[in-house]
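Structure record follows, encoded as structure tokens.
The values are calculated or read from the model by the stated rules, or taken from the named source; none is laboratory data. A quick note: this is a predicted structure, and the numbers were derived from the prediction, not measured. In this analysis, Cβ positions are derived from the backbone assuming ideal geometry, glycine residues included, and neighbour counts consider all displayed protein chains. Calculation scope for accessible area: heavy atoms of the full protein, side chains included, ligands and nucleic acids excluded. Shrake-Rupley method; radii C 1.70, N 1.55, O 1.52, S 1.80 Å.
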Amino acid sequence: MHSFLLSLSSEFYKTRKTLAFFSAILIPLILCTFFFILFFNPTRMDDYNSPLGHWLKYSSVILGVNCIFLLPLVIIFQCFSINNIEHRDDMWKSLFSLPIPRWSTYSAKFFYLLLLNGLYLSLLAIFIIISATILDLLKPEYKFNEFNFSAILFKLHLKLFLVSTSILSIQFLLSLVWSDFLKPMGIGLLLTVFGVIAANLSWEYAFIIPYSHPMITLNDFSSNTSYLGVNLSAVDLMSKEIWFSLAVAGSTYIIGYFVIRNRSVK
């Protein structure tokens with residue numbers, strides 16, 4: 001455990017001044033700021049008279065952009081950036097020459113990526129709430145303060161975190177195998193396109209494509225809510241997408257470990 005914590009802290013110090021770390025903070029902030037400015041015009045809410053309707057409208061457009069495009073892209077970039085530190089100048093040799101077990105190094109990298117993904121999604125939920133609160137102060141007609149949407153929003157982002165672990169594990173493995181950015185990015189973007197299409201076509205077996213899970217999650221939430229009412233049960237934390245995602249993440253994690261264990265350092 002000591003070697004794992006040492007490796008984990010090392011990953012933080014290596015990336016704390018890089019875009020891999022700051023992307024988890026800046027992208028949610030930029031995204032929410034953009035839609036805050038866009039929704040400053042109250043006419044965009046004319047068709048949604050209830051406070052809940054305003055919350056659903058405001059959050060859904062932000063989450064739509066996130067689930068279709070940004071979440072997979074951020075994961076692809078972060079996975080590449082974490083492993084590229086070692087790929088660059090062949091630093092794997094130096095890393096494996098340290099008196100630290102390879103499983104600690106590998107697990108620390110994987111867990112650190114999970115932390116970055118959790119940070120990204122948590123901040124997105126927080127910035128949605130903050131921007132909506134400020135918008136409510138400036139435009140009282142939105143009436144955001146008349147409905148507490150926080151618990152639902154955080155539960156939805158928890159589900160997004162769980163279903164995105166499969167994407168993270170696949171991209172982590174790809175970035176371990178290939179040192180260049182184009183192959184993991186190309187495969188990731190191609191699978192994202194397939195996943196979004198499958199989810200939007202409501203294909204029965206779309207859940208077997210891990211990259212479709214964020215969009216399926218958003219579609220399921222939209223179908224279980226209305227502008228008249230919504231509750232925490234609208235977000236199912238026992239869905240088949242979550243179990244499939246965790247199974248893929250676990251199996252891919254094991255495969256990745258064997259890749260690291262057999263990597264030559266000569």
Take the Cα atoms of region 158-214, find their three principal axes, and give me the spread along each one in whole Å, biggest first.
35, 23, 14
Roll a 1.4 Å probe over the protein chains and send me the accessible area per residue for the chain in Å².
48 Å²
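Which semi-axis lengths, in whole Å and largest first, follow from the square roots of five times the eigenvalues of the Cα gyration tensor of region 121-234?
Three semi-axes, in Å: 32, 18, 12.
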Treat each spin label as a single point 7 Å out from the Cα along the C-beta direction, and report the residue 193 to residue 258 distance in nm.
3.2 nm
Computed over the chain: relative contact order in percent, which uses C-alpha pairs under 8 Å that are six or more apart:
28 percent
Extension length gain for residue 69 and residue 139 (0.36 nm per residue less Cα distance), in nm, is 22.3 nm
What accessible surface, in Å², does a 1.4 Å probe find on residue 243, ignoring ligands, DNA and RNA and rounding to the nearest 10?
140 Å²
Please report the accessible area of residue 9 (heavy atoms, 1.4 Å probe, ligands and nucleic acids excluded) in Å², nearest 10.
50 Å²
Counting only helical runs of four or more DSSP H residues, what would the 222 nm mean residue ellipticity of the chain come to if each run contributes -39,500 (n - 2.57) and the total is spread over all its residues?
-23500 deg cm²/dmol
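Could you tell me which of the pairs 183/240; 109/155; 17/109; 159/183 are separated by over 21 angstrom between their Cα atoms in the structure shown?
In this structure, 183/240; 109/155; 159/183 exceed 21 Å between Cα atoms.
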Value in Å of the Kirkwood radius, where the chain supplies the Cα pairs that are averaged:
19.6 Å
